[in-house]
Amino acid sequence: MIRSLRPLSLAALLVAAIALMAGCAKQSNEIVIGEYGSLTGTTATFGISSKNGIELYLDNLNAAGGIGGTKVKVIVEDDQSKPEEAATAVNKLVDQDGVIAVLGEVASSRSMAAAPICQQSGVPMISPSSTNPKVTEIGDYIFRVCFIDPFQGQMIAKFAKEKLGLTKAAVFRDIKNDYSVGLASYFTDAYHALGGTIVADAAYSEGDQDFKAQLTVIKSKKPQVLIVPGYYTEVGLIARQAREMGLDVPMVGGDGWVSDKLIEIGQDALNGCYHVNHYWEEDPNPAIQKFVTEYKSRYNAKPDGLAALAYDAAGVLTSALDRLRTEDPAAFKALLGPRNDAQKAARAKLRDRIASTKDYPGVTGRITLDAARNAVKPAVFVGIKNGKYEFVAAVEP
Amino acid sequence: MQELFQQLANGIAWGSIYALIALGYTMVYGILRLINFAHGDVYMVGAFAAYYLAIATGAGGAAASLPMALLVLLGSMLVCALVGMLIEFLAYRPVRRSSRLTALITAIGVSLFLENVGLRVFGADPKFFPQLIPPKRITLAGGIMVTNHQITVVVVSILLMVALTLFIQRTKTGKAMRAVAFHRDAASLMGIPVNRIITITFAIGSALAAAAGVLVGLTNPKIEPLMGIMPGIKAFVAAVLGGIGSIPGAVIGGLVMGVSEYLVVGYVSSTYRDAIAFVILILVLLIRPAGLLGRNVAEKV
Amino acid sequence: MSPRKSSFARGLLWVAAALALSLGVDRLAVQWINPYFYRILVLCGLNVMLALSLNLVNGITGQFSIGHAGFMAVGAYASAAFTVYAVPQLFGVGPDASGLVIVGPLLLALLVGGLTSAAAGFLVGLPSMRLRGDYLAIVTLGFGEIIRVVILNIDAVGGARGFAGIPRRTDLAWVIAGALTTWVVLRNVLRSYHGRAFLAIREDEIAAEALGVPTTRYKVTAFVIAAFFAGVAGALFAHYTYLHTNSFTFMKSIEVIVMVVLGGMGSLLGSVLGATVLTALPEALRFASSERLIIYSLLLIVLMIARPQGILGKTEGKRGK
């Protein structure tokens, strides 16, 4: 009997220790928001980019005095690139840390795991870059500041068929990535509707190094354009290997191509290719340049689309908070207080302010949230020539 | 038809890399009866060692040249030989007399350790190998397109494999390695310094893995800390397919794995690219566990 | 009362007590601790079930199974598909139902998950007939991966997008009941004649075979039982959260192995301890999450070198030695 008491008491001690570490919800003079992202794990770069974007925005905001004098504090939790960890992380943020809003995540699978928790607890959640339409369908407390894949797919189809005038396409999707799979189907449907033909449909998996087997099959079907709705890491390699094999048609892709590493990987193979972007980093708009310069000097890297979207997500949230402060100061004050019914009602009002975001001037474009809580933004198409980006077109929805 | 030959050509180039990694597996298994789970991660370390060496010596891009490329290759082989010897000494030697399950778990532990230290030290985002040799398209007979990189991979692999075979068959140390693989205790009674031989085996195996890492960096320049997991497992399957403990077997196994992977991805579906390796493994183990060139060793009671 | 009747009555009493305990703890937990801790307790209970079941194969029967996450996945997806597609048809219980009416369907879903997983366990156990040690390990790893890839390709359960919309029916009561059941069943198996057969296979398979123990049958049975409980754990997990195959990778299998090894292979109590510690500790050490895996791997290596029997060692089954 004594034997079995030892481990049980050990376990009890552990639980007690954790309980001790838990504080109860506190009254403070700061707005506390939560952020969850993949800071470690297979998609660590997404989480780190987003974290940087949010951090940059909030630090600037706090330096300028915060929201009418109230500073904003962000608690960051890592989800290790795993969906169930995303749920646990958000549980901690919402229940343990008592945050009044949550920013996250990039990957739709992780947003989908965490969103129900936010919805149920009445804590607004803004995803910077999850593009799967299902994310915001989870409930009215869930928002996003990027466009969704049905829109993006349609835009790519239009671009390929009408702007480039190419009627025979091959689609090469990343089967392990719900973003890519979704985008590929939306493209396919739209392209067919416009009268184009899909001559080949192949798949690869995130993390693959070698695509020659599929490219060989694609080449034999003689497409005029190759649509690759995947992430930049594989896209660069696909371009190189395609050229190595003599497949020289232009490639078109979605916002997954966005990264300062894209050209580093793909180099000359990407000349004559196009992709969708959320923002154009060489856009002479001073606000965008300011963002790019600050990010570069602070993090030693050019901000990618994810960092820019995260920056805007933080902006949309804080501007909604600011509007709440001016329109309903009592509710704003309740957000600073403990977790009680007054705060819950205040969070509902915050939700309403977020939902009414209109023409917010973000670095990724003017953001307006529609009735489905998705962002209505133009899609920017950029082309690559001589190893450099050039702006091609901005397509309004 | 041309498409099929193209797939075969690509498969052979890719399979040579598996063969190089498989050689290390087969040698270590022959001597220690241990699946060195960490071998795939040594391959990863080799690729990164070459990456940092190339950057440090400025060997890529504009300054690309053959001597510099060779320097990078040899440098990373040396680094990995040291890493391999260290792993053997610190992690495997203490469990050499323990049960197989213990040794296997230790190997898994080492593998995880290398991967996660790699993630911490190198960062999770993929790095891009500088171009040690400028790429060129070459068209072979029948319209098959390959690159000079692929040809390099095959040639270098063949050279290394021949060198290894000569070493094992013609030198005294090689003979000692064969003796230890055959019967460790008897070899030690004959005066063979078993510990030293095992260390040398690890060193050579790891160096070959490093070479594979460099060659992969050449053809598929994206490297990241988790890149060794799948190739490691596939190379193990290659070693089993060819007959574990058999060097020519590892080579044949590697080529078969490479070609079958290409055929499956090209003609069936790319999602089964990794699964095919396991299917081959299960088939081999159920039908002919000794592999293509191995001998069936009865278990002593 | 005859001895038979009284032990049956006693058994019934224990079951009632266990149910009362599960429900009681759950009600208390819902009242007194916040949902974050509640979640940790749920995950802890699930990990206990996984560790205990893996222990049967690795610790008690001495086989090498490193694809346990695959069984969990099978149970999770099978039960989720059952609840989402079949239950509304068969019982008219839709996703918004709650209260007593969901008990039956959930129990059925758990059974569906467990049995499907057991079938998978049977398939995976079969090669153990001809394979030893390291080879079997790689084959189990392979099965884990194949299962994951196959599920990834089934669009009806979401594929790469994951399976959302599974009604949340699991709560701490179910998990505790599940963990208790797993514990009791395995403890009884271990104490029985069959338990000795499993241990004999671990100690010396050839001798056991020579002495008439049908080793293959027992090895496969170990896999089947272990897979069943892993499948039930997976089913409970599925009815708690959103499903994605990324939750069932090789890393998950490794985490369960670490729990079993840390607690002590062959010791059921050790598995409970290992699972609890390794679920609670990472939460407490959230700030060190990037070092977590480095610590795990070092832990594995050091344990194997210094104390391969883990914390509680091979205390069960080694009596009289």
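Taking every residue in B:261-268 and counting other chain Cβ atoms within 10 Å of its Cβ, the average works out to 4. The ranking of C:His194, C:His244, B:His39 from fewest to most other beta carbons within 10 Å of each one's beta carbon is C:His194, C:His244, B:His39. Its DSSP H runs of at least 4 residues, each contributing -39,500 (n - 2.57), put the calculated 222 nm mean residue ellipticity of chain B at -24000 deg cm²/dmol, to the nearest 500. Within 10 Å of the Cβ of each residue in A:122-131, the mean number of Cβ atoms contributed by other protein chains is 0.
Converting phi to 3J(HN,Hα) with the Karplus coefficients 6.51, -1.76 and 1.60 and the offset θ = phi - 60°, the range A:353-369 yields 5, 4, 4, 9, 4, 9, 6, 5, x, x, 6, 9, x, 6, 9, 10, 8 Hz in sequence order, with x at every glycine or proline.
What the Cβ-Cβ distance of A:Ala193 and A:Lys168 gives, at R0 = 25 Å and to the nearest 0.05, is a FRET efficiency of 0.95. Database remark: amide H of A:Val145 closer than 5 angstrom to the amide H of A:Ser127 (H placed geometrically; neighbours at sequence offset of 5 or more, or on other chains; Pro and chain starts carry no H). Each residue of the range C:236-248 in order: what ³J(HN,Hα) in whole Hz does its phi give by Karplus 6.51 cos²θ - 1.76 cosθ + 1.60, θ = phi - 60°, with x for Gly and Pro? These are the phi-based 3J(HN,Hα) values: 4, 4, 4, 8, 10, 8, 6, 9, 8, 4, 5, 7, 10 Hz.
Here B:Asp274, A:Asp312, C:Asp155, A:Asp304 are placed in order of increasing Cβ neighbour count within 10 Å, fewest first, which gives C:Asp155, B:Asp274, A:Asp304, A:Asp312. Provide the percentage of antiparallel DSSP beta bridges, counting only those with both residues in chain A; round to the nearest 5. Bridges in chain A are about 35 percent antiparallel.
Rounded, prolate or oblate: which one fits the range C:7-249, using the alpha carbon gyration tensor with axes a ≥ b ≥ c (rounded when a/c is under 1.5, else prolate when a/b beats b/c, else oblate)? Taking the square roots of the gyration eigenvalues as a ≥ b ≥ c, the range C:7-249 is oblate. Can you tell me, using C-alpha contacts under 8 Å and at least 6 residues apart, the relative contact order of the range B:17-228 as a whole percent? After rounding, I find 43 percent. Look at the stretch C:31-44: the mean tally of other chain Cβ atoms within 10 Å of its residues' Cβ atoms is 5.
Taking neighbour counts of Cβ atoms within 10 Å as a proxy for exposure, in what order, fewest first, do A:His192, C:His239 appear?
On the way: A:His192 12, C:His239 23.
Result, fewest neighbours first: A:His192, C:His239.
Under a 5 Å amide H cut-off, with hydrogens placed 1.01 Å from N, A:Glu77 pairs with A:Glu35, A:Tyr36, A:Gly37 among residues at least 5 apart or on other chains.
Please say if the range C:1-95 is rounded, prolate or oblate, where rounded means a/c under 1.5 for a ≥ b ≥ c the square roots of the C-alpha gyration tensor eigenvalues, and otherwise the choice is prolate for a/b larger than b/c and oblate otherwise? Rounded is the answer for the range C:1-95, as its axis ratio a/c remains below 1.5. For the range B:243-254, the Karplus equation 6.51 cos²θ - 1.76 cosθ + 1.60, evaluated at θ = phi - 60°, returns couplings of x, 5, x, 9, 6, x, x, 4, 5, 4, x, x Hz by residue, with Gly and Pro reported as x.
For the protein assembly as shown, the square roots of the Cα gyration tensor eigenvalues, ordered a ≥ b ≥ c, give a/c of at least 1.5 with a/b no greater than b/c, which places it in the oblate category.
Rounded to the nearest 10 degrees, the angle from helix B:148-170 to the longest Cα principal axis of chain B is 20 degrees.
Placing a label point 7 Å from the Cα of B:Leu292 along the Cα-to-Cβ direction, the residues of the range B:1-18 whose backbone N falls under 13 Å from that point are B:12, B:15-16.
Contact order normalised by length for chain A, with contacts defined as Cα pairs under 8 Å and 6 or more residues apart; what percent is it?
16 percent
In the structure shown, do any of A:Lys71/A:Lys290; A:Lys51/A:Lys73; A:Lys385/B:Lys136; A:Lys344/A:Lys377 have a Cα-Cα gap over 24 Å, and if so which?
Numbers: A:Lys71/A:Lys290 22 Å; A:Lys51/A:Lys73 13 Å; A:Lys385/B:Lys136 21 Å; A:Lys344/A:Lys377 31 Å.
The pairs that break the limit, which is 24 Å between Cα atoms, are A:Lys344/A:Lys377.
Below 8 Å between Cα atoms, with a sequence gap of 6+, how large is the relative contact order for chain C in percent? With pairs under 8 Å counted, the relative contact order is 32 percent. Calculated FRET efficiency, C:Glu203 to A:Glu137, Cβ-Cβ distance, R0 = 51 Å: about 0.35 to the nearest 0.05.
Every number here is computed from the coordinates shown, using simple stated rules; none is lab data. Bear in mind that the values here come from a model prediction, so they are computed numbers and not experimental data. Ideal geometry is used to build each Cβ from the backbone, glycine not excepted, and the neighbour counts take in all protein chains shown.
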